[in-house]
């Protein structure tokens, strides 16, 4: 059984929590990439674009329960799943499963370190193993994403996105100038310099 101080609703969630056993709350995610139980279909769980987890249409109000299930989340080629050694169930994710809600910056230029904390308390430092990528929203703004583990990504909150863009610098890539961010010994481009009127 999991920690009795974390109430778990019945049904599919209770089965998943029980399957994690007493180690389900240990620090660090379990080795979900090595688990390959039978697929048992979809459950009525959804992670909204704002990072809120919903079960049967109702937000899950217990942060510890959300953190517990976030540790057994995996992105398979065809869907997001919650996976334990004995069961694998599909869930819906509106954008990406996590939000980057806090950022810390240390150093400058090529030696700069940028660490992030997610809404489920993962702490990740941007770099080759945890790259940043950038997409454009409907209004043309920049939306930064950070790979947390496997194919699971976190989207930066608006405040953090603005702070990240403020760290941008120009660099030459493939014969063209781009703006991007240096972190963890890597450079992550987010816009052609020509879009910002600084392409020379």
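The values are calculated or read from the model by the stated rules, or taken from the named source; none is laboratory data. All values reported here derive from a predicted model rather than from experimental measurement. Heads up, the Cβs are rebuilt from the backbone with ideal geometry, glycines too, and the neighbour counts pull from every protein chain shown.
A few comments on the model shown:
- Residue pairs whose Cβ atoms lie under 6 Å apart, sitting 6 or more positions apart in sequence or on different chains, and linking a residue in region 37-59 that is not assigned by TED's automatic domain parsing to the domain that holds residue 137 to a partner that is surrounded by 15 or more Cβ atoms within 10 Å (Cβ to Cβ) and assigned to a loop (DSSP other than H, G, I, E, B), are 37/87; 40/87; 47/97; 49/95; 51/119; 53/60; 59/52.
- Within region 65-82, the set of residues being at pLDDT below 95 and either part of a strand (DSSP E or B) or surrounded by fewer than 16 Cβ atoms within 10 Å (Cβ to Cβ) (or both) comprises 77, 78.
- The criterion of at least 2 residues that are buried (at least 17 other Cβ atoms within 10 Å of the Cβ) is met, among strands (runs of 3 or more DSSP E) falling completely within region 101-171, by 113-118, 132-136, 142-149, 152-156.
- Candidate set from region 185-200 (those that are touching a helix residue (DSSP H, G or I) at 6+ places or on another chain (Cβ under 9 Å) and part of a loop (DSSP other than H, G, I, E, B)); member that is modelled with the highest pLDDT: 185
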